[in-house]
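Everything below concerns the one structure shown next.
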Amino acid sequence: MSPINRRSLSMAAALLASIAACALPGCASAPTHFLTLVPMAGGNDGSVADLEDLQVEHVTVPSEVDQPDLVVRESDGSVALVETQRWIAPLSDEIRASLGLALARHARPPSAAATPSATAAPSPAIRIRLEVLRFDSVPERYALLESVATLTLSGKPPTSLTCRSRLRVTVGAGYPALAQGFQTAIDELAQALTRQAAALRAGTAACD
């Protein structure tokens with residue numbers, strides 16, 4: 001057998017061995033799980049479309065967490081991408097959708113939505129722009145959401161209120177627990193924004 005043929009057989013054998021090894025469970029790639037900030041629908045959930053007088057206009061997130069993969073903070077302060085855990089949509093879209101639904105729940109109680117007044121004048125529209133400053137995911141410790149929200153009441157001239165919030169929620173084990181922690185933080189943010197919107201309409205604008 002020529003040296004070339006012997007070399008070809010050796011390469012083929014090595015390739016077959018590699019393929020056989022990757023057929024073992026240890027070589028298989030870990031499955032990808034998708035996370036969302038939008039909670040499961042409940043009986044009293046509102047609709048973003050139904051809440052035209054209070055809408056989330058725009059959300060920005062820090063570039064370091066604006067990734068398809070979940071970004072977590074390590075114990076030494078460094079950050080890491082978790083390639084097996086991905087957001088089901090861009091993070092800014094996830095926050096916007098989750099916040100919009102939470103506002104619909106808190107700004108319009110189910111009883112008020114069920115029996116609207118035919119003579120009630122529509123409330124002046126308030127647009128919300130949210131700048132997320134920190135979105136820290138620390139597994140088995142906490143989910144931290146720090147943001148600045150600007151609420152603008154339509155009118156001539158329009159009036160605005162800018163408030164900063166810092167919400168930290170303790171979480172349990174597992175990556176889904178981090179997503180649930182952020183859902184809780186966003187719900188708390190929506191409650192604060194609802195109060196601020198009411199104050200802005202009443203002419204007594206103040207942050208919590």
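General remarks:
- Subset of segment 55-67 that is more than 11 Å from the chain's Cα centre (by Cα) and of a type outside the set (Val, Ile, Thr) - its residue that is surrounded by the fewest Cβ atoms within 10 Å (Cβ to Cβ): Ser63
- Segment 68-94, residues that are exposed (fewer than 15 other Cβ atoms within 10 Å of the Cβ) and in contact with a Leu (Cβ under 8 Å, 6 or more places away or on another chain): Leu81, Ile88
- Filter result for Leu153 (assigned by TED's automatic domain parsing to the domain that holds Pro39, modelled with pLDDT of 95 or more and closer than 22 Å to His58 by Cβ): no
- Hey, Glu146 among the acidic types (Asp, Glu) and at pLDDT 95 or above or not: yes
- Members of segment 146-159 found to be free of Cβ contacts under 8 Å to residues at least 24 places away in the same chain and either exposed (fewer than 15 other Cβ atoms within 10 Å of the Cβ) or among the small types (Gly, Ala, Ser) (or both), listed by number: Val148, Lys156, Pro157, Pro158
- Check on Ala102, outside any strand (DSSP E or B), at pLDDT below 90 and among the hydrophobic types (A, V, I, L, M, F, W, C): no
The values are calculated or read from the model by the stated rules, or taken from the named source; none is laboratory data. Bear in mind that the values here come from a model prediction, so they are computed numbers and not experimental data. Note: ideal-geometry Cβ built from the backbone for every residue, glycine included; neighbour counts use all protein chains shown.
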